[in-house]
1. How much net charge surrounds A:Pro43 when only the other residues with a Cβ under 15 Å from the Cβ of A:Pro43 are counted, with Lys and Arg +1 and Asp and Glu -1?
2. Within a Cβ distance under 13 Å of B:Gln295, other residues only, what is the Lys/Arg minus Asp/Glu net charge?
3. In terms of modelled amide H atoms, which long-range or inter-chain residues lie less than 5 Å from the amide H of B:Gln7?
4. So what's the back-of-envelope 222 nm ellipticity for the protein assembly as shown, counting only DSSP H runs of four-plus at -39500 (n - 2.57) apiece and dividing by all residues, rounded to 500?
5. Sequence gap of 8 or more, or different chains, plus Cα separation below 22 Å: how many lysine pairs satisfy both in the stretch B:34-271?
6. Give me the percent of DSSP beta bridges within chain B that run antiparallel, rounded to the nearest 5.
7. If a/c stays under 1.5 just call it rounded; otherwise compare a/b with b/c (prolate if a/b is bigger, oblate if not). Do that for chain B, with a ≥ b ≥ c from the square roots of the Cα gyration tensor eigenvalues.
8. Suppose every Lys and Arg Cβ carries +1 and every Asp and Glu Cβ carries -1, with no other charges. What dipole size does the stretch B:34-271 come out with about its Cα centre, to the nearest 20 debye?
Amino acid sequence: MGIRLPNPGEAHINGVIESEEKAYEEAARQFLMAKVPTIFPGPLVLWAWNEKAAKKATAIRHLFNTLKECVQPGQKPMLIPMPDYRPKYPKINPEVEINPNHPNLTIWHNKIDCCMFVGVHCHQANLSLKIIRGGTSCYTIAMCAQAGHEDAMLSFRDASVEKIMKLADTVKRLKGTVQPRLNSKSGASN
Amino acid sequence: MSKERIQISEALYDIMPSDYQDLVKSATYGKEDRGWKDIGSSKELIEQHSLCAGCPESMAFRYILASLPNPEDTVMVGSTGCTSLVFPMVAVHNIHSLFGNQNAIASGLKRALSVRFPGRVKDVVVLAGDGATVDIGLDMTLQAWFRQEKFTTICFDNELYANTGGQESGLMQKGFVAKMAPVGKLFDKVRLPEIARESGCHYVVNCTVSKPSLVEKVIRNAVHVAREIGPTYLQLYTPCILEIGKNSMEGLQEMRDSEKPTERFAYKEYISEPAKQLLAELAAKDKERKAAAKQLAGQAQAN
């Protein structure tokens, strides 16, 4: 039957429709558990198309700063941009960016084991999420501004500044209650 | 029209790769008198490419991008060929069309842009090889001209199908023997510039890309005429050095040899009456603007 996308006010976790509240907790827990929790902001927030985009960018920076404050020594939060979608040949620099046509390179290179996409157009997010899911063991979260992503392991819908801030608050609230996977071999594997 | 519309969100500026920061800081978007002389001193709209070393097409592509009068509001429509390997590295909106369809796509695009952005100048420029323009896409090319679609068609004429191994194309010269055309071309090169003129193009030029200032002039003219009057066509000789058995350093000389007065790429230009009038007006305005700038600079120096 496949995965049904959440209705407004809901989210999905591993394909099961849950309340948004539960999703905030699970997303925050996954971030705090990960060795390299990473946020991938896309063109819709990286570029200041309008005031709303700039505000979302500020909220994303706040979420990242909160993550940095809340993780334990040994964890390494990252903020890696996806500035556009063009296939970059001959190669991209996976240390400084992610590309939807080969997102696995960035995941592998930085050993990312939990990531969140935000501000990426849906079709490109779907492509990236599929490749990541197929080629790595990275936990994927989508903070989608539309109807959510079935290819993410956890997906919010109708992303807004408030929702990003609420996720940051949840991360702060759960600080210290989650044991990070620091002893695991090394983040995401291929 | 300027860089103001291409700004990075302040909160995430520091994580953007330096390429993008440079593009916003020092690209020539919005600069009124941008041209090929900006190459090397401003952030270029094409910095790296995967074409062969010394490829004249890569030079031509650079000159074109440097000469577009309105790059931030230009959409380029490309076709399959060597240029499609470069388009991902170009900081101008572009569409990769199915082979030969480029002028049909550009027609729809230009019309859609006029409806969607009625108060804004939006240029459409087709860039395709001779196979896409003259052989497989000739129908779409001609029909767009017959309909007087307002966009520029640029043909990178390398006189054969280069990236599939050297097959014969309509623009190949008579008698030429290529790797995949061992008998030699039996017919004359299709006279597309003349056909373009007869099909309603208002500005037609046939030349090589050996002189950047000339390329800049014809690109600007073609885009301005297409914007205001009707279709324009440029046929630029960009030899494939691999397929004609030349070395990397010999591309420029090949073009110089081919543009001599008796050769097939001797400079040829056709301008319709309305286009002549428009270009004269633009030239007068440009002269006025330069004189005013000179006067202003003189005053500033005196103060």
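None of the figures in this text is laboratory data; all of them are computed from the coordinates on show. Keep in mind the model is a prediction, meaning the values are calculated, not measured. All Cβ positions, even for glycine, are placed from backbone atoms using ideal geometry, and neighbour counts span all protein chains on display.
1. Working: positive: A:Lys52, A:Lys56, A:Arg86, A:Lys88, B:Arg5; negative: A:Asp84, A:Glu97, B:Asp19.
Neighbour charge sum, excluding A:Pro43 itself: +2.
2. Numbers: positive: B:Lys287, B:Arg289, B:Lys290, B:Lys294; negative: B:Glu288.
Counting the neighbours of B:Gln295, the net charge comes to +3.
3. Correct list: A:Ala48.
4. On the way: 15 runs with 185 residues, N = 493.
When only DSSP H runs of four or more count, the value is -11500 deg cm²/dmol.
5. Lysine pairs meeting both conditions in the stretch B:34-271 amount to 28.
6. The answer is about 20 percent antiparallel.
7. Values: a/c = 1.57, a/b = 1.41, b/c = 1.11.
Verdict is prolate for chain B.
8. Working: 26 positive and 26 negative charges, 110 e Å.
In total the dipole reaches around 520 debye.
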